[in-house]
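Report on the following structure.
Derivation of every value follows stated rules applied to the coordinates shown; laboratory data play no part. Since the structure is predicted, the reported quantities are computational estimates derived from the model, not experimental observations. So basically every Cβ, Gly included, is an ideal-geometry build from the backbone, and we count neighbours across all protein chains shown.
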Amino acid sequence: MFDDLNFKLVVVEALLEKKPSFLAELHVIKSKFVDNYEWYTEVNPKPIPEVLDFLKGIVLSKADLVKVEELVFDGGSTIYSWLIPDWDGEDGSFDVTSVQGFEQLVNLKKVHYLSLCPKSVLRPMINAGIEIC
């Protein structure tokens with residue numbers, strides 16, 4: 001669907017408040033593995049394996065994809081704190097290298113660009129007439 005998992009995470013974040021098909025399962029995973037996370041136990045925190053596996057495995061339905069009208073490229077997004085609760089934002093863990101597959105987001109109109117990639121990565125979106133702000 002999307003070549004870059006980190007771009008998929010941007011899309012998943014955009015769906016969190018739009019009642020996506022996977023939301024109930026995600027809340028179960030969050031409850032089991034994120035809510036009970038032992039903070040500050042690792043010097044270099046890694047993704048919670050169960051959360052990572054779940055996010056990798058999400059198949060976004062067409063009904064989910066049509067809900068996406070805006071994306072936010074920002075390291076402070078909720079999905080990152082669920083995946084690596086101790087992440088300090090100081091490394092490239094969630095850098096987006098490709099937006100390939102964005103065409104499936106048929107209602108995408110705007111991208112809020114704050115971080116996570118060089119602006120050149122967004123060139124295909126710009127060329128498609130999507131507003132970057």
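Anything over 21 Å Cα to Cα? Flag those among Lys30/Lys119; Lys32/Lys62; Lys8/Lys62; Lys19/Lys109; Lys19/Lys62; Lys62/Lys119, in the order listed.
Lys30/Lys119; Lys32/Lys62; Lys62/Lys119
Which entry in (1) 25, 18, 11; (2) 22, 18, 14; (3) 26, 15, 13 matches semi-axes √(5λ) of the Cα gyration tensor in Å derived from the coordinates of this structure?
Among (1) 25, 18, 11; (2) 22, 18, 14; (3) 26, 15, 13, the one derived from this structure is (1).
Apply 1/(1 + (r/R0)^6) to the Cβ-Cβ distance of His27 and Cys133, taking R0 = 41 Å, and write down the FRET efficiency to the nearest 0.05.
Efficiency computed from Cβ-Cβ geometry: 0.85.
Report, in debye and to the nearest 20, how large the dipole of the stretch 1-92 comes out about its Cα centre when Lys and Arg carry +1 and Asp and Glu carry -1 on their Cβ.
Value, rounded to 20: 520 debye.
Relative to the present Cα-Cα distance, how much length would full extension add between Asn107 and Glu50 at 0.36 nm per residue of separation?
Between Asn107 and Glu50, full extension yields an extra 17.4 nm.
For the stretch 88-133, take N as its residue count and report Rg(C-alpha) divided by 2.2 N^0.38 Å. Intermediate values should be presented prior to the final figure.
Working: Rg = 11.3 Å, N = 46, 2.2 N^0.38 = 9.4 Å.
After normalising by residue count via 2.2 N^0.38 Å, the value is 1.20.
Pick out, from Ser61, His112, Phe73, the residue whose Cα sits farthest towards the positive end of the charge dipole of the chain, with +1 on the Cβ of Lys and Arg and -1 on the Cβ of Asp and Glu.
Ser61
Suppose a student asked you for the relative contact order of the chain, using Cα pairs under 8 Å spaced at least 6 residues apart; what percent would you report?
33 percent.
Can you give the helix-only mean residue ellipticity at 222 nm for the chain, where every DSSP H stretch with n ≥ 4 adds -39500 (n - 2.57) and the sum goes over all residues, rounded to the nearest 500 deg cm²/dmol?
Theoretical 222 nm ellipticity from helices: -8000 deg cm²/dmol.
Rounding to the nearest 10 and keeping the result within 0 to 90°, find how far the Cα-based axis of helix 5-15 lies from the longest principal axis of the chain.
So the inclination is approximately 80 degrees.
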